[in-house]
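This report refers to the structure that appears directly beneath it.
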Amino acid sequence: MAPIAVGDSLPDGTLAYFDEQDNLQEVSIHSLTVGKKVILFGVPGAFTPTCSLKHVPGFIEKAEELKSKGVDEVICISVNDPFVMKAWARTYPENKHVKFLADGSAKYTYALGLELDLGEEGLGVRSRRFALLIEDLKVKAANVEAGGEFTVSSADDILKAI
């Protein structure tokens, strides 16, 4: 499947998270994006160096600026289970706006065409690093990294597209 691109409609899918009462929830990605301006960014793995030290912190630091430009939601997805995503989210106590959603079996990542096979490295199927600007289910910007790079999908990069 070709990777999602500018002009495409965002596919629907179900992702998981823990709510404030620590209950496991499932959510349709369309329920979070229909009629809204949303940043959906994906990372290869929770607790990995580039994801944890650069990619996620950038979106947390720029969340207020993104909101001031009309962004309704900032969503981070990773091919990890919801328990891992919950633990990872808790390592960012300053976070007020980024939602951490789990794509445990990579079904949604496959629907986006953004899977990355890291089986040779012992990591299985993961997500490519990316940032999408979505407006009412339409992709307005698709910043997708090659391999393990971090050159086009930062919060600063997506701010340029807004």
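Ordering VAL71, VAL34 by accessible area with a probe of 1.4 Å, largest first, what comes out?
VAL34, VAL71
At R0 = 30 Å, how high is the FRET efficiency between HIS30 and ASP81 if r is their beta carbon distance? Nearest 0.05 is fine.
0.85
How much length is gained if the chain between ASP12 and ASP72 is pulled fully straight, taking 0.36 nm per residue apart and subtracting their Cα-Cα distance, in nm to one decimal?
19.8 nm
What residue among VAL79, VAL125, VAL56 has the largest mean-square fluctuation in a Gaussian network model of the chain, using Cα springs under 10 Å?
Looking only at VAL79, VAL125, VAL56, the largest GNM fluctuation is found for VAL125.
So how far apart, in nm, are the two label points at TYR92 and ASP136 if each is 7 Å from Cα heading toward Cβ?
The two pseudo-label positions are separated by 2.9 nm.
What lysines sit close enough to LYS69 to cross-link, taking a C-alpha to C-alpha distance under 26 Å and skipping anything fewer than 8 places away on the same chain?
Cross-link targets: LYS36, LYS37, LYS54, LYS96, LYS99, LYS138, LYS140, LYS160.
Using the heavy atoms of the protein chains alone and a 1.4 angstrom probe, what is the accessible area of the range 58-162 per residue in square angstrom?
Value returned for the range 58-162: 46 Å² of accessible area per residue.
Just the number, please: carbon plus sulfur as a percent of the accessible area of the chain, 1.4 Å probe, no ligands or DNA/RNA counted.
C and S atoms contribute 51 percent here.
If you work out Rg and Dmax of the Cα atoms in Å from the coordinates, which of (1) 16.9, 62; (2) 19.7, 62; (3) 14.2, 42 do you get?
(3)
Identify which of PHE41, PHE59, PHE150 has the largest mean-square fluctuation in a Gaussian network model of the chain, with springs joining Cα atoms closer than 10 Å.
The residue with the greatest mean-square fluctuation here is PHE150.
Run the simple label-point estimate for ALA5 and ALA161 please: 7 Å along Cα→C-beta, distance reported in nm.
1.4
Give me the distance between the Cα centres of the range 43-67 and the range 74-106, rounded to whole Å.
A separation of 10 Å, based on Cα centres.
Could you identify which residue out of GLU120, GLU149, GLU65 has the top mean-square fluctuation in a GNM of the chain using Cα springs shorter than 10 Å?
Taking springs between Cα atoms under 10 Å, the residue moving most is GLU120.
Need one number: % antiparallel among DSSP beta bridges in the chain, to the nearest 5.
Taking every DSSP beta bridge with both residues in the chain, the antiparallel ones total about 70 percent.
The values are calculated or read from the model by the stated rules, or taken from the named source; none is laboratory data. Since we're looking at a predicted model, the values are computed, not measured. Heads up, the Cβs are rebuilt from the backbone with ideal geometry, glycines too, and the neighbour counts pull from every protein chain shown. These accessible areas exclude ligands, DNA and RNA; they are computed on the full protein's heavy atoms, side chains included. Shrake-Rupley method; radii C 1.70, N 1.55, O 1.52, S 1.80 Å.
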